[in-house]
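**Q** This is the structure I want to talk about, given as structure tokens.
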Amino acid sequence: MGLPVTTVKHLLLLLNFIFGVLGIVLIAFGIFFLISAAENAVSIGENVAGGLIIGLGIVILIIAIFGFLAAIQEAPVRLLIYVGAVVLVILAQLLFLSMASHGTKDGISGSINEGFDQLWDAERTESGALAYYENWLQCCGVNSSEDYWIIHHAIPASCCIDHKCVDKSSVYPSGCKAKFVEYLDDKLLVFKIVCWLLIIGEAVGAVFGWLLFSTLKNEGRRNNAVWM
């Protein structure tokens, strides 16, 4: 025995309300990323991540509003469009999660690599380009302190504990790129959790949307049959 139309409709309305709230959360989180990125000397991934998260949040909010109205109006065609849009956004979220977890050549990982390459080029020209990140993340060089030895530069004070380069043990062992990736992964954890919650909820919403569409379509056929 299937669920009554009213029950399916109310569940779909509730789910889309929740999707809308989570979409707003994603937009706010993406703005937070962009604000953080404004403090960086060059683009090293946060602006890319922030833009993607804001874009995804806006799309989810639009689809949630569309699905909410389609369910209220019990419009079969709009419900069918809604189900298709939800399936597409689930695929997009899986792609974003893959980019956030593993990076792609043109994605977050590529932006981080490009940003630190720019910083290292600046460091070669004028010492101190990496100082902000070395002080903030407690790291040294792009990959490690050996980066400075390769270009025959003395290890800067920003690479050392309390800015005192006494011996090798006082130099931060990790490179700034690895430390920044750890920092970014921690920030992206919230995005990943919200994304997985959305994917599960959207899959359920797509099922309810299809059930409501099928029920309304069947009722329309029965009504037409009565009048024939």
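The values are calculated or read from the model by the stated rules, or taken from the named source; none is laboratory data. Just so we're clear, the structure is a prediction, and the values are computed from it rather than from any experiment. Positions of Cβ are generated from backbone atoms using ideal geometry, with glycine treated the same way; all protein chains shown enter the neighbour counts.
**Q** Check Ser127, Ser174, Ser158, Ser144 and return the single one that is assigned to a helix (DSSP H, G or I) and either among the small types (Gly, Ala, Ser) or more than 34 Å from the chain's Cα centre (by Cα) (or both).
**A** Result: Ser158 is the single residue among Ser127, Ser174, Ser158, Ser144 that is assigned to a helix (DSSP H, G or I) and either among the small types (Gly, Ala, Ser) or more than 34 Å from the chain's Cα centre (by Cα) (or both).
**Q** Still on this structure: Please enumerate the residues belonging to segment 115-152 that are modelled with pLDDT under 85, among the acidic types (Asp, Glu) and crowded, with 16+ Cβ neighbours inside 10 Å.
**A** Result: Glu123, single match.
**Q** Against the definition (part of a loop (DSSP other than H, G, I, E, B) and at negative phi), how does Asn218 come out, yes or no?
**A** No: the conditions fail for Asn218.
**Q** Moving on. Given (1) in contact with a Cys (Cβ under 8 Å, 6 or more places away or on another chain); (2) in the same structural domain as Ile90 (by TED's automatic domain parsing); (3) not polar (S, T, N, Q), identify the lone condition not met by Gly141.
**A** Status for Gly141: all satisfied but (2).
**Q** If you don't mind, there's one more thing I want to ask. Give the residue, chosen from Ile193, Ile112, Ile155, Ile161, that is surrounded by 16 or more Cβ atoms within 10 Å (Cβ to Cβ) and free of Cβ contacts under 8 Å to residues at least 24 places away in the same chain.
**A** Ile155
**Q** In the list Gly57, Gly67, Gly84, which residue meets the criterion of being out of contact with any Leu (no Cβ under 8 Å at 6 or more places or on another chain), under 30 Å from Phe213 (Cβ atoms) and either among the charged types (D, E, K, R) or at pLDDT 90 or above (or both)?
**A** Gly84
**Q** Further, regarding this structure: Does Asn135 satisfy the criteria of being out of contact with any Lys or Arg (no Cβ under 8 Å at 6 or more places or on another chain), under 22 Å from Ile112 (Cα atoms) and free of Cβ contacts under 8 Å to residues at least 60 places away in the same chain?
**A** Judged against the criteria, Asn135 is a match.
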